[in-house]
Amino acid sequence: MSYTSTCHCGTIGATIAGDLPAEAMTCNCSICRRKGTVLHFVPADAASLHAPADKLGDYRFGKNAIHHHFCMDCGCTPFATGTDPQGNAMVAVNLRCVEDCDLDRLKLTAVDGASF
Ligand SMILES: [Zn+2]
């Protein structure tokens with residue numbers, strides 16, 4: 001099984017090996033609260049990115065630890081990339097961009113990212 005998170009126009013996205021998660025997180029940090037993302041983190045080697053360099057926006061702030069990618073055509077944010085506290089490469093999948101995901105059935109955990 002796999003699932004795919006895509007931007008609205010389909011230019012960028014990420015295909016993740018494995019089943020759709022039953023749980024995800026929301027976050028109150030300065031960027032998540034604005035974008036309304038519903039995130040699920042996977043190891044980078046489980047993700048196959050479709051990211052043409054000339055269309056892949058890369059917004060960073062604060063410690064610059066996370067690449068908040070977005071599509072330069074439609075503006076949607078199907079995934080972000082970065083490293084976990086142990087230094088492992090991770091992909092944060094925005095489940096709002098996964099059409100197969102039933103958002104109303106996800107068990108959501110609120111993370112207090114604003115305090116990190
Ligand atoms: Zn797009």
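Against the definition (at pLDDT 95 or above, surrounded by 12 or more Cβ atoms within 10 Å (Cβ to Cβ) and in contact with a Pro (Cβ under 7 Å, 6 or more places away or on another chain)), how does H69 come out, yes or no? Taking the combined requirement at face value, the residue does not satisfy it. Residues in the range 72-92 that are among the charged types (D, E, K, R) and within 16 Å of D54 (Cα to Cα): D73 alone. If you go through the range 16-34 and pick out every residue that is of a type outside the set (A, V, I, L, M) and either under 17 Å from R105 (Cα atoms) or within 11 Å of the chain's Cα centre (by Cα) (or both), you end up with 5.
Residue-by-condition table, conditions (1) part of a loop (DSSP other than H, G, I, E, B); (2) in contact with a strand residue (DSSP E or B) (Cβ under 9 Å, 6 or more places away or on another chain):
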{"residue": "T4", "(1), (2)": "no, yes"}
{"residue": "C9", "(1), (2)": "yes, yes"}
{"residue": "P21", "(1), (2)": "yes, yes"}
{"residue": "T26", "(1), (2)": "no, yes"}
{"residue": "T37", "(1), (2)": "yes, yes"}
{"residue": "H67", "(1), (2)": "no, yes"}
{"residue": "C76", "(1), (2)": "yes, yes"}
{"residue": "P85", "(1), (2)": "yes, no"}
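Residue pairs whose Cβ atoms lie under 6 Å apart, sitting 6 or more positions apart in sequence or on different chains, and linking a residue in the range 9-38 that is within 16 Å of the ligand (Cβ to nearest atom) to a partner that is among the small types (G, A, S), are I12/A51; G13/S5; A14/S5; A14/A47; T15/S2; T15/S48.
When the range 92-116 is filtered for residues that are more than 14 Å from M25 (Cβ to Cβ) and either touching a Ser or Thr at 6+ places or on another chain (Cβ under 7 Å) or assigned to a helix (DSSP H, G or I) (or both), the ones remaining, listed by number, are C97, V98, D104, R105, S115. Criterion applied to T15, T81, T11, T37 was being in contact with a His (Cβ under 6 Å, 6 or more places away or on another chain) and polar (S, T, N, Q), and the one residue passing it is T81.
The values are calculated or read from the model by the stated rules, or taken from the named source; none is laboratory data. These figures come from a predicted structure and were not determined experimentally. With ideal geometry, Cβ positions are generated from the backbone for all residues, glycine too; neighbour counts draw on all protein chains shown.
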